[in-house]
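Asker: Take this structure first; my questions come after.
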Amino acid sequence: MGSVQLTGKGRRWLLKGHRWVYRDDIAGGEGAPGELLPVQDPNGNPLGWGLYSSASKIAVRMISSETEQPKRDFWAERVRRAIAARGRMGLLDPNGACRLISGDADGLPGWIVDLYGRVAVAASSAQASDRMRDFLLELLVEELPFELDAIVERSDASIRRLEELDTRVELLQGEFESPLIVDEDGLKYEVDVFEGHKTGHYLDQRVNRRRAADFAKDKKVLDAFCYDGLFGIRAALAGASEVVCVDQSAPAGERVLRNAERNGVADRVRFEKGNCMQDLRDRAEKGESYGVVIVDPPAFARNKRELAGSERGYVELNRRAMDLVEPGGMLVSASCSYNVRPELFLQFLSKAARAAGREVYLHELRGASPDHPYLLALPETNYLKCAFLRVE
């Protein structure tokens, strides 16, 4: 068994409560890729146990501050606690969808499991979660209150390159009919767990979709970067008079129309293929306006190096969106870039308001759905911002 010894800086970082140890903060020692190993301070005193990476800048992810090595019961309790939390949220619906396990935030670093009906989709992003895959899936099956039809692995995120891991997408066990249809609080939609974004869909926007729909009754709604159109279709279910969904993906548009049909709102939802940045400008030039405009773009800053350039993108996008909001209407603007912290995102929105010449008021700033928990000791788990803005 390997072990690592921290520098004084690394020790102070841990004692402040953070769970990650960066490679620069290791004074000596090493382990095998993905190994669970003891962590010591500069004087050799035990600090706990962590999962080691031989490749990532995050060399160790701490999982326990106890001296005793975590065994099976320890991991079973982590899985049990995560599933129980979703149960208390009312999300353990065998016909619904939710995030069952949210990686570091649930004390299971690098390990994501999303549930779509009775199909679990697991995604690993670290050497340790790869090494523990079969063991963790065994615990998952034991702790779920209902049987699964299938388990799929979607370990294909680009972050795996930082861990020197290959991608894996495969059906691990069971079978299911395609397309997979789930029911999210009355919103029915299809999920492609093999080719869809992330593990198949964007579960982190669940509560924000419902909140945006609160402002949609009798309003025209524009859903930009719509993917499968769930913001827009949820708005139509809430009584929007007309919904326009825009995305550059034609296959996504086909799913929008199928989802609209299965929810009984096809007469009020249409899809238009286009580059959303240019599309917003074109609509403003034509004098269009909407009671609710939703912009949920992909991450503009995937790392700190891209942060400076992201300002230009967020300001320009939101300025164009504000141009389309009728006076007193609502702009729902999201950012999934962790590096764009909430206060910085609000600064970008303020600059967009000045550029648009509009008075813009923050109605509320929300984060991810509660099944994507924000662990206070690990700020990196707080990545999603969704601003609800009244535009005058």
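Asker: State, in angstrom, two size descriptors of the stretch 303-369 derived from its alpha carbons: Rg to one decimal place and Dmax to the nearest whole number.
Answerer: 12.0, 37
Asker: Could you pull the Rg and Dmax for the stretch 3-64, using just the Cα atoms, both in Å?
Answerer: Both quantities, over Cα of the stretch 3-64: 9.8, 27 Å.
Asker: Here's something else I'd like to know. Mind checking the angle between helix 342-356 and the chain's longest principal axis? C-alpha axes, 0 to 90 degrees, to the nearest 10.
Answerer: Orientation of helix 342-356: about 20 degrees from the principal axis.
Asker: Apply the Karplus parameterisation 6.51 cos²θ - 1.76 cosθ + 1.60, with θ equal to phi minus 60°, to every residue of the stretch 185-194 and state each ³J(HN,Hα) to the nearest whole Hz, in sequence, with x for glycine and proline.
Answerer: Taking θ as phi minus 60°, the curve returns 6, x, 9, 9, 8, 8, 10, 9, 6, 9 Hz for the stretch 185-194.
Asker: About the Cα centre of the chain, how large is the charge dipole given +1 on each Lys and Arg Cβ and -1 on each Asp and Glu Cβ? Please answer in debye to the nearest 20.
Answerer: So the dipole magnitude of the chain works out to roughly 1380 debye.
Asker: At what distance in angstrom do the alpha carbon centres of the stretch 353-383 and the stretch 123-166 lie from each other?
Answerer: After rounding, the separation between the Cα centres reads 29 Å.
Asker: With Kirkwood's inverse mean 1/r over C-alpha pairs for Rh, give me the Rg to Rh ratio of the stretch 140-268, two decimals please.
Answerer: 1.03
Asker: Further question: Just grab the label-to-label distance for E177 and Y361, each label 7 Å out from Cα along the Cβ direction, in nm (one decimal).
Answerer: 4.9 nm
Asker: I'd like the orientation of helix 72-88 relative to the chain: the angle between its Cα long axis and the longest Cα principal axis, in ° from 0 to 90, rounded to 10.
Answerer: The two axes meet at around 20 degrees.
Asker: Take each of the peptides 382-388, 184-190, average the number of other beta-carbon atoms within 10 Å over its residues, and list them starting from the highest.
Answerer: 382-388, 184-190
Asker: Name the cysteines of the chain that stand alone by the Cβ rule: no other cysteine Cβ under 4.7 angstrom.
Answerer: So far as the 4.7 Å Cβ criterion goes, C98, C276, C336, C386 stand without a partner in the chain.
Asker: Hey, another quick one. Compute the distribution of all C-alpha to C-alpha distances in the chain, in bins of 20 Å from 0, and list the percent of pairs in each, rounded to whole numbers.
Answerer: 26, 53, 20, 1
Asker: Given the alpha-carbon gyration tensor of the stretch 133-197, what are the semi-axes of its equivalent ellipsoid in whole angstrom, ordered largest first, with each equal to the square root of 5 times an eigenvalue?
Answerer: Computed over the stretch 133-197, the values are 23, 18, 11 Å.
Asker: Let me ask you something else. With the cut-off at 26 Å, tell me which of the pairs K188/K304; K188/K286; K16/K57; K198/K219; K304/K351; K273/K304 have Cα atoms farther apart than that.
Answerer: Pairs exceeding 26 Å: K188/K304; K188/K286; K198/K219; K273/K304.
Asker: If the viscosity is 0.692 mPa s and the temperature 37 °C, what translational diffusion coefficient in µm²/s does Stokes-Einstein give for the stretch 4-142 when Rh comes from Kirkwood over Cα pairs?
Answerer: 209 µm²/s
Asker: While we're here: Please give the contour-minus-distance gain from L307 to R168: 0.36 nm per residue of separation, less the Cα-Cα distance, rounded to one decimal in nm.
Answerer: Gain on stretching L307 to R168: 47.1 nm.
Asker: Hey, another quick one. Once you have the alpha carbon radius of gyration of the stretch 202-391, what is it after dividing by 2.2 N^0.38 Å, with N set to its residue count?
Answerer: My calculation over the Cα atoms of the stretch 202-391 gives 0.97.
Asker: Now, a different point. Could you tell me the distance between the Cα centroids of the stretch 27-103 and the stretch 182-228, to the nearest Å?
Answerer: The two parts, judged by their Cα centres, are 31 Å apart.
Asker: May I pose another question? Give, to the nearest whole percent, the P(r) tail of the stretch 72-181 beyond 19 angstrom, counting all Cα pairs.
Answerer: 41 percent
Readers should treat all values here as calculations from the given coordinates under stated rules, not as data from a laboratory. What you see is a predicted model; the values in this text were computed from it and never measured. As a convention, Cβ positions derive from the backbone with ideal geometry for all residues, glycine included, and neighbour counts pool all protein chains shown.
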